[in-house]
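Asks: Questions regarding the structure given below will be posed in turn.
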Amino acid sequence: LWFTNGDRGVGLYLQGKIRFVTTEEGLPADDVHSVFEDSQGRIWIGTESGVVQWSDKEQRAYAFQDSVLAEMAIYVIMEDSLGNIWLGTDHGVFKYAETLLQQFSAGEGLSNDVIQTGFVSRGGEVWLGTNDGLSHFEQSRQPFGVPVPSVYFKSVLAGDLSKPISDGGAVIYDDRSLVFQFNSLTYVNEGGLQFQ
């Protein structure tokens, strides 16, 4: 029997004894929000700093994926009738289908990006409770695919001079600073656009 324990990790009750799993056993944080066992018997643990899977054999937690999830609070973990794992975070919900991790946020129709609770109905429908209301994900409908917008470099600033990138000019050592000006044009979820 697994249970959350505030900021002291996650508790495990087995054969009349209780033990606590913490950062010493691989949790990314001791603030645990959710624990879930999927249909394959995998134990998922959602923390303030990402999600891990528990290994009974090694008695250790392992990071689920090297991904953006490592920086997010995982409040809800559930599984739909197709075997997809849903992870409710403070940045929308993530659907994990085998090796594919797909994010849905307010830009795709959620009432809010902070997912506080979730439920999978007997029919396999996913319901999400957010800070601004209830959202329903319809499995039969294909989600709106948002293409990745192109990035356009406008210019590079070296020191006090502005030089277009197309010129390929040399930068003097004493200028010491480079600033790249770039932009991207999109009308879908502009607030969620990030550059790397």
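The values are calculated or read from the model by the stated rules, or taken from the named source; none is laboratory data. Keep in mind it's a predicted model, so treat the numbers as computed, not measured. Neighbour counts are summed over all protein chains in view; Cβ atoms, including those assigned to glycine, are modelled from backbone coordinates with ideal geometry. The accessibility values were calculated without ligands, DNA or RNA, using every heavy atom of the protein model including side chains. Shrake-Rupley method; radii C 1.70, N 1.55, O 1.52, S 1.80 Å.
Asks: Picking from Ser135, Ser81, which residue would you name as being buried (at least 20 other Cβ atoms within 10 Å of the Cβ) and either in a strand (DSSP E or B) or out of contact with any helix residue (DSSP H, G or I) (no Cβ under 7 Å at 6 or more places or on another chain) (or both)?
Replies: Details: Ser81 fails: buried (at least 20 other Cβ atoms within 10 Å of the Cβ).
Step by step, each of Ser135, Ser81 is checked, and only Ser135 is buried (at least 20 other Cβ atoms within 10 Å of the Cβ) and either in a strand (DSSP E or B) or out of contact with any helix residue (DSSP H, G or I) (no Cβ under 7 Å at 6 or more places or on another chain) (or both).
Asks: Still on this model: With Ser55, Ser121 as the choices, which residue is under 15 Å from Asp38 (Cβ atoms) and either surrounded by 18 or more Cβ atoms within 10 Å (Cβ to Cβ) or of a type outside the set (Val, Ile, Thr) (or both)? First the steps, then the outcome.
Replies: Working: Ser121 fails: under 15 Å from Asp38 (Cβ atoms).
Step by step, each of Ser55, Ser121 is checked, and only Ser55 is under 15 Å from Asp38 (Cβ atoms) and either surrounded by 18 or more Cβ atoms within 10 Å (Cβ to Cβ) or of a type outside the set (Val, Ile, Thr) (or both).
Asks: Let me ask you something else. Would it be correct to say that Gly118 is small (Gly, Ala, Ser) and assigned to a strand (DSSP E or B)? Can you show your working first?
Replies: Working: small (Gly, Ala, Ser): yes; assigned to a strand (DSSP E or B): yes.
Yes; evaluated as a whole, the condition is true for this residue.
Asks: Only one of Ser177, Ser162, Ser150 is modelled with pLDDT under 85, more than 20 Å from Val35 (Cα to Cα) and open to solvent by 60 Å² or more (accessible area, probe 1.4 Å). Can you tell me which? If you could, list the steps in order and put the result at the bottom.
Replies: Values: Ser177 fails: open to solvent by 60 Å² or more (accessible area, probe 1.4 Å); Ser150 fails: modelled with pLDDT under 85.
When all the criteria are applied, what remains is Ser162.
Asks: Continuing with this model, one more query. Taking region 1-42 on its own, how many of its residues are under 18 Å from the mean Cα position of the chain (by Cα) and not in a loop (DSSP other than H, G, I, E, B)?
Replies: Of the residues in that region, 5 qualify.
Asks: Restricting the search to region 7-22, which residues are open to solvent by 50 Å² or more (accessible area, probe 1.4 Å) and out of contact with any Ser or Thr (no Cβ under 9 Å at 6 or more places or on another chain)?
Replies: Of everything in region 7-22, those that are open to solvent by 50 Å² or more (accessible area, probe 1.4 Å) and out of contact with any Ser or Thr (no Cβ under 9 Å at 6 or more places or on another chain) turn out to be Asp7, Tyr13, Leu14, Gln15, Gly16, Lys17, Ile18, Arg19, Phe20.
Asks: If you take the residues of region 64-78 that are open to solvent by 30 Å² or more (accessible area, probe 1.4 Å) and of a type in the set (Gly, Ala, Ser), which of them is farthest from Trp54 (Cα to Cα)?
Replies: Here the residue is Ser67.
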